[in-house]
Amino acid sequence: MLRWIVTALALCALAGCGESKYDVYMRGLEIEGDAERGPCKLHYAEGEHAARLERSQLTACLTETERALAQYEKAKSMGYADADFTKVYQRANERRARLEQMIEMVGQMERDAVTAKLPGGR
C-alpha cells in the first residue's frame, strides 16, 4: 500500500498533477473581482457628490489586492508569462501603490479631524 502511494505521488509530480499556473492566475483574478464588488467598491451616500473613503475600507481593499498579487506572483514563479497576465500583474501593483498612498492620506485627514475637535486644537 505504501509503495502504491509513493508511486502515485511520484507519477503525479512528473505528470504535473495539482494546480496549474493558469489556475493560480485565475484564482488571483477571482480574488480581485470579489474585492472590486466588495471592499474596493466605492459607496456614494445619498446627496453627496463624492464617495466617502474610510481607512478601514481602504485597508480591506489593500488586503484583498495583496491576496490577488500573491496569486499572481505564484503564477509568475511557476512560469506564467502571458501578455494579459503581465498587464494584470502591473495594474495590481499600481493599485497597491495607490491604495497605500490613499490610506496614508485618509489617515492623516482623520488625525487632523480629531485634532481639530480637541479643545485648543490647531
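Residues that are part of a helix (DSSP H, G or I) and surrounded by 15 or more Cβ atoms within 10 Å (Cβ to Cβ) within segment 73-99 comprise E73, K74, A75, K76, F85, V88, Y89, A92, R95, R96, L99, listed in sequence order. Out of T86, T63, I need the residue that is more than 23 Å from G38 (Cβ to Cβ) and out of contact with any Asp or Glu (no Cβ under 8 Å at 6 or more places or on another chain). Which one? Among T86, T63, only T86 is more than 23 Å from G38 (Cβ to Cβ) and out of contact with any Asp or Glu (no Cβ under 8 Å at 6 or more places or on another chain). Here E30 fits the description: farther than 23 Å from M102 by Cα and either outside any loop (DSSP other than H, G, I, E, B) or modelled with pLDDT under 95 (or both). A search for C-beta distances below 6 Å between a residue of segment 67-89 that is over 15 Å from I31 (Cβ atoms) and any residue that is surrounded by fewer than 15 Cβ atoms within 10 Å (Cβ to Cβ) and at pLDDT below 95, counting only pairs 6+ apart in sequence or on different chains, returns nothing.
Is there a residue in segment 52-72 that is exposed (fewer than 15 other Cβ atoms within 10 Å of the Cβ), under 30 Å from G18 (Cα atoms) and either at pLDDT below 95 or of a type in the set (K, R) (or both)? So far as segment 52-72 goes, no, none of its residues is exposed (fewer than 15 other Cβ atoms within 10 Å of the Cβ), under 30 Å from G18 (Cα atoms) and either at pLDDT below 95 or of a type in the set (K, R) (or both).
The values are calculated or read from the model by the stated rules, or taken from the named source; none is laboratory data. These numbers were taken from a predicted model, which means no experiment stands behind them. A quick note on method: Cβ atoms are made from the backbone with ideal geometry, for glycine too, and the neighbour counts reach across all protein chains shown.
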